[in-house]
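Here's the structure, in structure tokens; my notes come after.
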Amino acid sequence: MRRLFVFFLVAALWLAVPAIASSENLRLEIQSWSWQGMFGRYDKAQLRRGFQVYSEVCANCHGLRLVAYRNLEDLGFTEEEIKRIAAEKEVQDGPNEQGEMFTRFARPSDRFVSPYVNDQAARVANHGALPPDLSLMAKARAGGPDYLYSLLTGYEDPPSGVILTPGMNYNKVFPGHQIAMPQPLFEDMVTYDDSTSAALPQLAQDVTAFLNWTAEPELEGRHALGLKTLAFLVLLTGLLYALKRQIWSGVQHG
Amino acid sequence: MSASVHSHRVVRWINDRLPIFTMVHHSAVEYPTPKNLNYWWNFGSLAGFILAVMILTGIFLAMNYTAHTSYAFESVERIMRDVNYGWLLRYLHMNGASMFFLIVYIHIFRGLYYGSYKSPREVLWWIGVLIFLTMMATAFMGYVLPWGQMSFWGATVITNLFSAVPWVGQDVVTWLWGGFSVDNPTLNRFFALHYLLPFMILFFVVVHVWALHTVKSNNPLGIDVRGSQDTIPFHPYYTIKDLYGIGLFLILYLFFVFFAPNFFGEPDNYIPANPMVTPPHIVPEWYFLPFYAILRAVPDKLFGVVLMFSAIFILFILPWLDRSIVRSAHFRPIYKQLFWIFLLDCLVLGWIGAKPPEGAYLMIGRVATIYYFVHFLILTPLVGIFEKPRSLPESICTPVVKAAKL
């Protein structure tokens, strides 16, 4: 048994070392997030602030095509509020009985309306760069939320000797340091309803939390079910071990 | 086996016409098992358990998955977001693949340490290697299905290996793809095969167990069973021990599923496949890394591919490479050291497989690759001839009886 345990320890280290080593060279600003750990949960007020930042800033260029307006229920919005939020956008629907396409206001069942009709239109509006969809961004980059936070707060003047390609911006953590997106967040560019101060780190944390929710909306349910399941399993395995000891008690073995 | 064991009338009626209850009783209840098996012998039943989990979760995932390049990524996200407990199904399946390989690797190394591949268990070992190969094909094709960046580029790199075949290479690749690049026909056939192969694995597992129950289990001492004093019935002794093992395993497995579901995954696979953008590092899943390292250790493509496949196929002839008649490394002082060095070598290869093939990494990878084959082709046969094994106990129960006398 003891050797088995040592084996698993070595195996775990072996698996973990590349992961740790690869996150090191990004030099991310590691934050402590409310949803981390086995008991981690989202802070609903923070998610709503993050949604506000997304809507007022990010949504001008970035879509959330995997998230539906109805999902905003998770953030504590009421059905009426969600209907109102959805109705701020228009979507194409149809064909109607006359065989024609028409536009209507978005409904809670619609996915978030993307800012551009297609990728080509997005490129034309952004000097050839394509603003990626943000639905899964918190899972699609090494470092996850820490990477997003570090990117949003990582804009600075290029060090002397670094010449940027025209239209590009210098960022500490972006691979290659040249990013097409100009610094998106500045202090006080959003006025929070709950009178939280809108300093840059606050804005970046809030929108990162929101984007982690869009990437992992199942997280709270997953953690809750996980705790129950593991508690049950530890108990069951303990009983199975006791039973094993009892059944084997009469056997002389090697 | 008399029918009298089955007291119920209906059971007896069926059993007289199809002795299925006798068969189950024979192989899952009274199967005489060496009494000295340690916990490393739990991994066979664990592998069977996780295979069942994979097939079950896979069937329900397939009900919600769309095998089309335009919809595959979205349909997986729909499973994650809108299907009831779809995230659980998908994370069970995703992490289950890693767990399956972890278990099977331990199972294989168990066999290597205790000489479970030696006479009379050669065919049992062959079927095991066949299961391992089928698993690798299944896992590779399954990884392509979510149609993320790593799915697409992994599929491109691995299918391109076949272009190294002399003369017909490019034609073979076109035939595999069903076109001139990895595209919708590729995704469709991979889905079909990914659904088919697990049932072939299941078939091989049945044959594996059949062969096992014919030649009976090996044991940590590696000596033959002398009589009934060396064995105990499978039930209840090993059923309860296996259940306890499954409990421990589930704690580890479900910890990852619930609290670190993407630990074994690549972030890039949450980016939809894009044939126009190549990721900076194309890395396979961790369980392929040692073989990936062997492939990249060789500058010549064809030789690299041949070497990579040889690394697995060499296991088929291992029973004849090992000249020692002593099975368990417990009684083989030199082979025991070589076993641990070989395990370390495989871990080094895995580490190198995750690194870019340049500079020191490339050199370490080459040395580790050479050692991998030296171990099987030179050291194993030589040690079998020159090593002086420690004296074997007379029977499985002898050491126990001696210990009891003291």
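The values are calculated or read from the model by the stated rules, or taken from the named source; none is laboratory data. Not measured: the values here are computed from a predicted model. FYI the Cβ positions are ideal-geometry reconstructions off the backbone, even for glycines, and counts take in every protein chain you see. Heavy atoms of the whole protein, side chains included, go into the accessibility calculation; ligands, DNA and RNA do not. Shrake-Rupley method; radii C 1.70, N 1.55, O 1.52, S 1.80 Å.
If you check B:Thr134, B:Thr57 for being assigned to a helix (DSSP H, G or I), open to solvent by less than 30 Å² (accessible area, probe 1.4 Å) and over 30 Å from A:Thr214 (Cβ atoms), only one passes: B:Thr134.
If you filter segment A:34-61 down to residues that are within 14 Å of another protein chain (Cβ to nearest Cβ) and under 15 Å from the mean Cα position of the chain (by Cα), you find that the one that is surrounded by the most Cβ atoms within 10 Å (Cβ to Cβ) is A:Trp35. Filter segment A:204-253 down to residues that are without any contact (Cβ under 8 Å) to a residue 60 or more places away in the chain and either more than 7 Å from every other protein chain (Cβ to nearest Cβ) or touching a Pro at 6+ places or on another chain (Cβ under 6 Å) (or both), then give me how many there are. Matching residues across segment A:204-253 total 15.
From A:Leu185, A:Leu151, A:Leu230, grab the single residue that is modelled with pLDDT of 95 or more, part of a helix (DSSP H, G or I), of a type in the set (A, V, I, L, M, F, W, C) and under 23 Å from the mean Cα position of the chain (by Cα).
The conditions single out A:Leu151.
Note on segment B:326-406: enclosed helices (runs of 4 or more DSSP H) holding 3 or more residues that are of a type in the set (Ser, Thr, Tyr) are B:359-374. Considering each residue of segment A:115-123 in turn, none proves to be open to solvent by 40 Å² or more (accessible area, probe 1.4 Å), in a loop (DSSP other than H, G, I, E, B), of a type in the set (A, V, I, L, M, F, W, C) and touching a Gly at 6+ places or on another chain (Cβ under 9 Å). Scanning segment B:279-303 for residues that are open to solvent by 40 Å² or more (accessible area, probe 1.4 Å), part of a helix (DSSP H, G or I) and at the interface with chain A (Cβ under 10 Å from one of its Cβ atoms) gives no hits.
Here B:Gly353 fits the description: open to solvent by less than 30 Å² (accessible area, probe 1.4 Å) and among the small types (Gly, Ala, Ser). When the criteria are applied in full, B:Val104 fails the requirement of being within 13 Å of chain A (Cβ to nearest Cβ), of a type in the set (Val, Ile, Thr) and open to solvent by less than 30 Å² (accessible area, probe 1.4 Å). Residues that are within 10 Å of chain A (Cβ to nearest Cβ) and in a loop (DSSP other than H, G, I, E, B) were ranked within segment B:261-273; the one that is nearest to B:Phe73 (Cα to Cα) is B:Ile271. Within segment B:304-335, the set of residues being farther than 30 Å from B:Val165 by Cα and surrounded by fewer than 17 Cβ atoms within 10 Å (Cβ to Cβ) comprises B:Arg323, B:Ile325, B:Pro333. When residues of segment B:31-69 are filtered for being more than 14 Å from every other protein chain (Cβ to nearest Cβ), under 22 Å from B:Phe249 (Cβ atoms) and out of contact with any helix residue (DSSP H, G or I) (no Cβ under 8 Å at 6 or more places or on another chain), how many remain? So the answer is 3. When each of A:Pro201, A:Pro184 is tested for being more than 14 Å from every other protein chain (Cβ to nearest Cβ), open to solvent by less than 50 Å² (accessible area, probe 1.4 Å), more than 24 Å from B:Ile79 (Cβ to Cβ) and not hydroxyl-bearing (Ser, Thr, Tyr), the lone residue that passes is A:Pro184. Checking A:Arg48, A:Arg84 one by one, the residue that is under 23 Å from A:Glu218 (Cα atoms) and at pLDDT 95 or above is A:Arg48 and no other. With respect to the conditions (1) surrounded by fewer than 16 Cβ atoms within 10 Å (Cβ to Cβ); (2) of a type in the set (Asp, Glu); (3) within 14 Å of chain A (Cβ to nearest Cβ), B:Asp345 falls short on a single one, namely (1). In segment B:229-248, of all residues being within 7 Å of chain A (Cβ to nearest Cβ), buried (at least 18 other Cβ atoms within 10 Å of the Cβ) and not aliphatic (A, V, I, L, M), the one that is nearest to A:Asp119 (Cα to Cα) corresponds to B:Gly247.
Where residues in segment B:70-101 are in a loop (DSSP other than H, G, I, E, B) and within 12 Å of another protein chain (Cβ to nearest Cβ), which of them is nearest to the chain's Cα centre (by Cα)?
Here the residue is B:Tyr85.
Considering segment B:259-314, the residues that are among the small types (Gly, Ala, Ser) and in contact (Cβ under 8 Å) with a residue 60 or more places away in the chain include one that is farthest from B:Ala139 (Cα to Cα), namely B:Ala297.
Within segment B:1-10, can one find any residue that is open to solvent by less than 60 Å² (accessible area, probe 1.4 Å) and modelled with pLDDT under 95?
Scanning segment B:1-10 turns up at least one residue that is open to solvent by less than 60 Å² (accessible area, probe 1.4 Å) and modelled with pLDDT under 95.
When A:Glu79, A:Glu73 are checked against the criterion of being at pLDDT 95 or above, open to solvent by 60 Å² or more (accessible area, probe 1.4 Å), more than 20 Å from B:Glu77 (Cβ to Cβ) and acidic (Asp, Glu), A:Glu79 stands alone in meeting it. You will find that of B:Val104, B:Val144, B:Val123, the residue that is more than 30 Å from B:Asp268 (Cβ to Cβ), of a type in the set (A, V, I, L, M, F, W, C) and at pLDDT 95 or above is B:Val123 and no other.
Only one of the numbered conditions (1) more than 12 Å from chain A (Cβ to nearest Cβ); (2) more than 19 Å from B:Met135 (Cβ to Cβ) is violated by B:Ile251, and that is (1).
Considering segment B:385-406, and only residues there that are at pLDDT 95 or above and open to solvent by less than 60 Å² (accessible area, probe 1.4 Å), the residue that is farthest from the other protein chains (Cβ to nearest Cβ) turns out to be B:Glu387.
Per the conditions (1) surrounded by fewer than 19 Cβ atoms within 10 Å (Cβ to Cβ); (2) under 19 Å from the mean Cα position of the chain (by Cα); (3) more than 10 Å from chain A (Cβ to nearest Cβ), the sole criterion not satisfied by B:Met276 is (2).
If you check B:Phe140 against the conditions, is it more than 30 Å from A:Leu236 (Cβ to Cβ) and part of a helix (DSSP H, G or I)?
Yes: the conditions hold for B:Phe140.
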